[in-house]
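Encoded as structure tokens, the structure appears first; notes follow it.
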Amino acid sequence: MNKLIALVFATLSFVASTPVLAASGGDHGLILQSDANVNDRESLQRGAKYFMNYCLSCHSLKYMRYSRMAEDLGLTEEEVMGSLNFTGTKFGETMTVAMQQADGDKWFGKAAPDLSLTARVKHGGPDWIYSYLKSFYLDPSRPLGWNNLVFPGASMPHVLWELQGTQAAVYESHAAHGPEGTPTGTQVFSHFEPVTAGSLSSKEYDQVARDIAAFLEYVGEPAVLQRKSIGWVVLLFLSLFAFVAWLLKTEYWSDVH
């Protein structure tokens, strides 16, 4: 019994003290720490605004309803329908896109994917989204003139380029050797070089990318707002229960010892 109680306390202590690790590495080693905060309601509201204005014309959120978003983010039905709903769907319906399947196939080669679970399925979650939105660069070899360092060959153009501006990817040549010792040259990414300025500063655009990442993290698991708020209450209850169980065990076995 003592071992069981010790195990319970050790487990609770580990869960309570373990931090959420930021993603590192990933594609090309460019997954940056976003510091996205789903508990920041204002950030989620801004993220919703940017997503609805720049992304929802192509990417749906088929598991999220406007009414649920309004309740969680502290928005009124009038605010949502007047400023965030551009598809004509009803307040209680899910977030569909204005673009038709045939249009997506024609313009981009295939229809844009639904992004409801992107923050859950991508390695790094919101950090991946944040890094992706910061890693578009000009590439004349691509059909739409854009490429992305985190997701090479992406069909999506950089829809936020007016905010961020445009940038070019700078590569450096590194000497290497093939399997038989023959010298080969490899191109390694070095940094991004600004080409044209956007309407926002670099710091302001970082916040835009962070807000969108936080919003998509919320969309991937709307219950996260409640889960994180009651998590410490549950841990406290389990700790108190374990303590009471230990006292009860001590009382039961007091005559034996």
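Among the listed pairs 228/249; 122/203; 62/203; 90/203; 90/134, those with a Cα-Cα distance over 28 Å are 228/249; 62/203; 90/203; 90/134. For the stretch 64-87, backbone nitrogen atoms closer than 20 Å to the point 7 Å from residue 226 Cα along Cα-to-C-beta are found at 64-77. When peptides 146-152, 235-241 are ranked by their average number of other Cβ atoms within 10 Å per residue, the highest-first order is 146-152, 235-241.
With neighbours defined as other Cβ atoms within 10 Å of a residue's Cβ, the residues 61, 56 order from fewest to most as 56, 61.
Every number here is computed from the coordinates shown, using simple stated rules; none is lab data. All values derive from a computational prediction rather than experimental measurement. Using ideal geometry, Cβ is built from the backbone for each residue, glycine included, and neighbour counts are taken over all protein chains shown.
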